[in-house]
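Q: Please find one structure pasted underneath; my questions will follow.
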Amino acid sequence: MAELSKSKQQMREETERLVKEAIERKAVSVKQGNTRIEAICGKCGAPNRVSASPGQVRVEYRCKECGHAQRTM
Ligand SMILES: [Zn+2]
């Protein structure tokens, strides 16, 4: 019984470790690659997913719904 609860504890720790590692990997990949900005079109209000270089805030894009060219804010 004591062994069983110990192995459960170990499994939980293992799971937590894997989740933590996955989150760290994801954070690194976001830092290295382009970031995604959720931009709302100023003309028609459609959500647009815009890819931006790290540190880039105002990105030029064209709305996928109405074709209006603009920048993210
Ligand atoms: Zn639009």
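Q: Based on the mean of other beta carbon atoms within 10 Å per residue, what is the order of 56-63, 5-12, most packed first?
A: Values: 56-63: 13.5, 5-12: 9.9.
Descending packing order for the listed peptides: 56-63, 5-12.
Q: Here is a follow-up. Tally Lys/Arg at +1 and Asp/Glu at -1 over every other residue whose Cβ is under 12 Å from the Cβ of PRO47; what's the total?
A: On the way: positive: ARG36, ARG49, LYS64; negative: GLU38, GLU65.
Result for the local shell: +1.
Q: Please compute one quarter of the surface area of the Cα convex hull for the chain and express it in square nanometres.
A: Values: hull surface 27.9 nm².
Result: a mean projected hull area of 7.0 nm².
Q: Still on this structure: Can you pull the one-decimal nm distance between simple spin-label points at LYS64 and GLU13, each 7 Å off the Cα toward Cβ?
A: Simple spin-label model gives 4.5 nm for this pair.
Q: Okay, next question. Once phi is turned into ³J(HN,Hα) by the Karplus curve 6.51 cos²θ - 1.76 cosθ + 1.60 with θ = phi - 60°, what whole-Hz value does each residue of the range 42-48 show in order, with x for glycine and proline?
A: Values, residue by residue: x, 9, 10, x, 6, x, 10 Hz.
Q: Amide H of HIS68 versus every other amide H placed in the peptide plane: which residues, excluding those fewer than 5 positions away on the same chain, fall under 5 Å?
A: The list, which skips near neighbours in sequence, is CYS63.
Values quoted throughout were computed directly from the atomic coordinates according to the rules given, and no laboratory measurement underlies them. Please read these numbers as outputs of a predicted model, since none were measured by experiment. Virtual Cβ from ideal backbone geometry, glycine too; neighbours counted across all protein chains shown.
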